[in-house]
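The values are calculated or read from the model by the stated rules, or taken from the named source; none is laboratory data. Model, not experiment: these values are computed from the prediction. Backbone-built Cβ (ideal geometry, glycine too); neighbour counts: all protein chains shown.
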Amino acid sequence: MAKKDPYAALRYREFNIFLILRFALVFGWSMQFIIIEWQVYSLTKDPWSLGLIGLMEIIPAFTMALFAGHIVDQKEKRNLLAICIAAFSLISFGLFWLTSEDVTQNWSTQNILYSIYALVFFGGFLRSFFGPTIFSLVALIVPKKIYPNAATWNSSTWQMASVLGPAFAGFSIHWLGKNDQMGVHYSLLIVFGLVLLSLFVLMFIKKKPILNPKIGEPIIESLTEGVKFVFKTKVILGAITLDMIAVLFGGAIALLPVFAQDILKVGSEGFGVLRAAPAVGAFLTMLVTAYIPISKNAGMKLLAAIFGFGVCIIVFGLSSIFWVSVVALFFSGVTDGVSMVIRQTILQLKTPDHMRGRVASVNSMFVGSSNELGAFESGLTAKLMGTVTAVVFGGTMTLITVVTTGLVSPSFRKLDLRKDIEEHEREEL
């Protein structure tokens, strides 16, 4: 009966606590990113300086990912997450201090800028640990039979926080001070408070057992085992690859300012609507999936969702009508929401407990890095082909990838997660 209960995961006290800290962390991290973008551009008036923010974060996040997965699988998850959050609080406080009146008046712009980049770099290092640790912790909080429901609520919480965080950041910069600089400063104080809140809430989750039977395993052997497992498990590899290609070539979001200003000519207000449309679609879809399980024929549903995502990106690229563009982006979010829940469920059900950190790290290398690379790809192809052609090209590549995957992998098309869920239910009886 639990698998038919849309609130199954919410029946577990620790999972509710986890969702609160998850929301606070994502809200704060998303808010901080927007504030820092604003501050850096205010200091430099150079768009390239914004690109460096992403670069400073992705370099350590990518290079440390596999090592982070090894460490996560070797350590107790609750305490490791506490260490990560505590370190994140130092970053948040450092950014708050760097935007104070004393620093901005007495330091050179270059020194402030380099200090911000240094903290962002440290944040990228932490990011390599956050994903695997959170992924592993969730699996220890709820029974395996309700992983699909937990994935839905977890993804919905992430989506809602990632939408509200940037929106609130823009509001807080404007209203929390006599000028934008003061608004930036006090907005970062809110971020610092949210991080401390998440750390406090985490203490209400009990320490979890370490399920890895190979404690002390040499790091090279551990990393090799993790990578081999992902590449041997075709279902996981297929899900990760599809997600990576969709994000890499479907990165129309990076070009939204160009569409808002030069193609649709809707200004900053229209840009806000365009930016929110896919996130709203994804959030609403993930709420619906809590009531309508999508474990049946999961492979075909995932392929159909990503195919639909590619179609939406093409429609958006070709549209010169504002409301058509908004609808296309909304449904790109709907399809992405479906694929996100299915992908997370596949990873949770198909990954052994002792390898969750390493598998999540490989996933972050594929998918997490593709967000920044997708933005770079969109910018590069837009420069070479033109903005509209670049977006249509990205959507077309997504469609080609889905069709190719469906043709060469019949087992992926036939993937059905109901048997996996039933097996876990029998194990826990």
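A few notes on this one:
- Segment 92-102 - residue that is of a type outside the set (V, I, T) and touching a residue at least 60 places away in the same chain (Cβ under 8 Å) and, of those, surrounded by the fewest Cβ atoms within 10 Å (Cβ to Cβ): E101
- Taken together, the criteria place L302 among residues that are aliphatic (A, V, I, L, M), modelled with pLDDT under 90 and closer than 21 Å to G406 by Cβ.
- Test for I321: is it crowded, with 20+ Cβ neighbours inside 10 Å and out of contact with any Phe, Trp or Tyr (no Cβ under 6 Å at 6 or more places or on another chain): no
- Evaluation of I306 against the conditions (1) farther than 23 Å from M385 by Cβ; (2) in contact (Cβ under 8 Å) with a residue 60 or more places away in the chain shows that the sole unmet condition is (1).
- Between T389, T398, T381, the distinction of being at pLDDT 80 or above, more than 22 Å from the chain's Cα centre (by Cα) and among the β-branched types (V, I, T) belongs to T389 only.
- Residues being under 22 Å from I17 (Cα atoms) and touching a residue at least 60 places away in the same chain (Cβ under 8 Å) are entirely absent from segment 56-66.
- When A61, A86 are screened for being surrounded by fewer than 15 Cβ atoms within 10 Å (Cβ to Cβ) and either under 27 Å from K208 (Cα atoms) or small (G, A, S) (or both), only A86 passes.
Residues checked against (1) in contact (Cβ under 8 Å) with a residue 40 or more places away in the chain; (2) in contact with a Gly (Cβ under 9 Å, 6 or more places away or on another chain); (3) buried (at least 21 other Cβ atoms within 10 Å of the Cβ); (4) over 29 Å from H185 (Cβ atoms):
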residue: L90; (1), (2), (3), (4): no, no, no, no
residue: T104; (1), (2), (3), (4): yes, no, no, no
residue: Y114; (1), (2), (3), (4): no, no, no, no
residue: S128; (1), (2), (3), (4): yes, yes, yes, no
residue: S136; (1), (2), (3), (4): yes, yes, yes, yes
residue: V142; (1), (2), (3), (4): yes, no, yes, yes
residue: N149; (1), (2), (3), (4): yes, no, yes, yes
residue: N154; (1), (2), (3), (4): yes, no, yes, yes
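- Members of segment 194-219 that are surrounded by fewer than 15 Cβ atoms within 10 Å (Cβ to Cβ) and modelled with pLDDT of 90 or more: F200, M203, F204, K206, K207
- Selection within segment 303-357 - under 23 Å from G226 (Cβ atoms), part of a loop (DSSP other than H, G, I, E, B) and out of contact with any helix residue (DSSP H, G or I) (no Cβ under 6 Å at 6 or more places or on another chain): P352
- Matching option when the condition is within 26 Å of A151 (Cα to Cα), at pLDDT below 75 and not hydrophobic (A, V, I, L, M, F, W, C), among G251, G281: G251
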